[in-house]
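Q: Dropping a structure here in structure tokens format, bear with me for questions.
The values are calculated or read from the model by the stated rules, or taken from the named source; none is laboratory data. Bear in mind that the values here come from a model prediction, so they are computed numbers and not experimental data. No Cβ is skipped: glycine too gets one built from the backbone with ideal geometry, and neighbour counts run over all protein chains shown. These area figures cover heavy atoms from the full protein model, side chains too; ligands, DNA and RNA do not enter into them. Shrake-Rupley method; radii C 1.70, N 1.55, O 1.52, S 1.80 Å.
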There are 2 protein chains.
Amino acid sequence: MGIEIRPATTADRDAIWEIFREVIEPGDTYAFDPAMPREDALAFWMQPAAQVYVAERDAKILGSYFLKPNQPGLGAHVANAGYMVTPTARGLGIGRAMGEHSLTEARRLGFRAMQFNFVVATNEPAVKLWKQLGFEIVATLPGAFRHLSRGYVDAYVMYRSLVDG
Amino acid sequence: MGIEIRPATTADRDAIWEIFREVIEPGDTYAFDPAMPREDALAFWMQPAAQVYVAERDAKILGSYFLKPNQPGLGAHVANAGYMVTPTARGLGIGRAMGEHSLTEARRLGFRAMQFNFVVATNEPAVKLWKQLGFEIVATLPGAFRHLSRGYVDAYVMYRSLVDG
């Protein structure tokens with residue numbers, strides 16, 4: 001596959017922003033305002049509490065993900081993560097490679113579980129991928145996402161234990 | 001009951017911090033690090049996106065809650081809120097009064113639903129109150145809270161629609 005995943009550096013900010021901008025623009029997968037400014041986007045994605053990674057193929061950055069505690073202090077043993085793949089590179093296995101990488105990293109960092117707070121129900125490739133990687137839908141949030149072309153659609157909370165196998 | 005609920009002002013910061021400190025100290029209801037510094041606590045509770053209120057009785061502040069969007073942009077029509085009552089004033093109906101007030105305020109502000117992301121399952125008075133106010137448990141997050149005296153316990157996601165009755 002030739003996909004390499006490595007920690008992001010400040011030199012990757014332009015590439016990450018380009019992916020972020022393209023992914024949020026249609027308003028179909030992430031709740032971020034499609035007009036979110038670059039600095040706000042990078043401040044969120046590369047926040048101090050997060051580990052940030054990029055996925056490269058042929059030395060080109062095609063995806064990025066962050067990994068961080070989902071809650072502070074007494075909930076910080078459950079990880080949260082977000083993943084983006086540049087639209088022109090979909091279907092190449094980059095999301096799956098980042099998902100698998102993030103589960104390994106989360107275990108290495110000592111997290112006991114991973115939780116996604118807001119998987120848009122109509123984002124079927126994402127829902128399918130997370131199920132294949134062991135996540136379960138633990139909640140359906142009715143109409144919680146205002147899909148820019150479909151209107152109000154559900155979002156899922158998905159959860160996966162990282163302990164006892 | 002004589003409970004008055006009003007918007008908080010910067011003059012209420014000391015009272016809010018005192019309640020916050022007392023509520024998080026036992027590590028049994030909120031994920032915040034029990035040693036969270038004052039400035040971090042107030043920066044979270046009184047964040048720019050939040051409406052903040054205090055509950056008074058006999059001109060003494062006994063509780064506070066915030067109301068804010070649970071997600072940015074395309075998820076900002078679902079509210080999130082957090083509530084704290086000073087431990088010595090429990091059982092006086094202050095939590096219930098704030099809960100009812102927050103539902104009215106959320107509707108007034110145009111929110112379509114309200115979501116609690118992390119209700120500790122062993123916090124039975126809170127779970128009971130939110131059920132009485134129309135919230136449903138939509139997810140159980142296994143072991144997601146590290147209760148300081150009981151160890152890992154579940155947390156709930158609770159949700160309530162604010163439209164169509």
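Q: Which of the numbered conditions does B:Val78 fail, given that it passes all the others? Conditions: (1) away from chain A (no Cβ under 14 Å); (2) among the hydrophobic types (A, V, I, L, M, F, W, C); (3) open to solvent by less than 30 Å² (accessible area, probe 1.4 Å).
A: Single failed check for B:Val78: (1).
Q: Kindly check whether there is at least one residue in region B:89-100 that is touching a Phe, Trp or Tyr at 6+ places or on another chain (Cβ under 6 Å) and under 30 Å from A:Ala41 (Cβ atoms).
A: Within region B:89-100, not a single residue is touching a Phe, Trp or Tyr at 6+ places or on another chain (Cβ under 6 Å) and under 30 Å from A:Ala41 (Cβ atoms).
Q: Given the criterion more than 19 Å from B:Ala139 (Cβ to Cβ), touching a strand residue (DSSP E or B) at 6+ places or on another chain (Cβ under 9 Å) and within 14 Å of another protein chain (Cβ to nearest Cβ), identify the matching residue among A:Gly73, A:Gly134, A:Gly95.
A: A:Gly73
Q: Does A:Arg6 satisfy being under 29 Å from A:Ser161 (Cβ atoms), of a type in the set (D, E, K, R), surrounded by fewer than 19 Cβ atoms within 10 Å (Cβ to Cβ) and in contact (Cβ under 8 Å) with a residue 24 or more places away in the chain?
A: yes
Q: Which of the residues belonging to region A:107-123 are of a type in the set (A, V, I, L, M) and within 14 Å of chain B (Cβ to nearest Cβ)?
A: A:Ala113, A:Met114, A:Val119, A:Val120, A:Ala121
Q: Sticking with this one: Return yes or no: is A:Thr86 more than 11 Å from chain B (Cβ to nearest Cβ), touching a helix residue (DSSP H, G or I) at 6+ places or on another chain (Cβ under 6 Å), surrounded by fewer than 23 Cβ atoms within 10 Å (Cβ to Cβ) and not aliphatic (A, V, I, L, M)?
A: Criteria met by A:Thr86.
Q: Which one is nearest to the other protein chains (Cβ to nearest Cβ) among residues in region B:20-45 that are open to solvent by less than 50 Å² (accessible area, probe 1.4 Å) and of a type in the set (A, V, I, L, M)?
A: Checking each candidate, the answer is B:Ala31.
Q: Looking at this structure, is A:Leu133 among the aliphatic types (A, V, I, L, M), surrounded by fewer than 17 Cβ atoms within 10 Å (Cβ to Cβ) and farther than 27 Å from A:Pro7 by Cα?
A: Criteria not met by A:Leu133.
Q: Only one of these is farther than 30 Å from B:Phe111 by Cβ, part of a strand (DSSP E or B), open to solvent by less than 10 Å² (accessible area, probe 1.4 Å) and in contact with a strand residue (DSSP E or B) (Cβ under 6 Å, 6 or more places away or on another chain): A:Ala139, A:Ala55. Name it.
A: Answer to the check: A:Ala55.
Q: Turning to a different aspect of this structure: If you scan region B:148-165, which residues turn out to be more than 9 Å from chain A (Cβ to nearest Cβ) and open to solvent by less than 30 Å² (accessible area, probe 1.4 Å)?
A: B:Gly151, B:Val153, B:Met158, B:Leu162
Q: When region B:99-125 is examined, which residues are found to be of a type outside the set (A, V, I, L, M) and either surrounded by fewer than 18 Cβ atoms within 10 Å (Cβ to Cβ) or part of a helix (DSSP H, G or I) (or both)?
A: Scanning region B:99-125 gives B:Gly99, B:Glu100, B:His101, B:Ser102, B:Thr104, B:Glu105, B:Arg107, B:Arg108, B:Gly110, B:Thr122, B:Glu124, B:Pro125.
Q: Could we say that B:Ala126 is out of contact with any Asp or Glu (no Cβ under 7 Å at 6 or more places or on another chain) and closer than 27 Å to B:Pro72 by Cβ here?
A: For B:Ala126, the condition - out of contact with any Asp or Glu (no Cβ under 7 Å at 6 or more places or on another chain) and closer than 27 Å to B:Pro72 by Cβ - is met.
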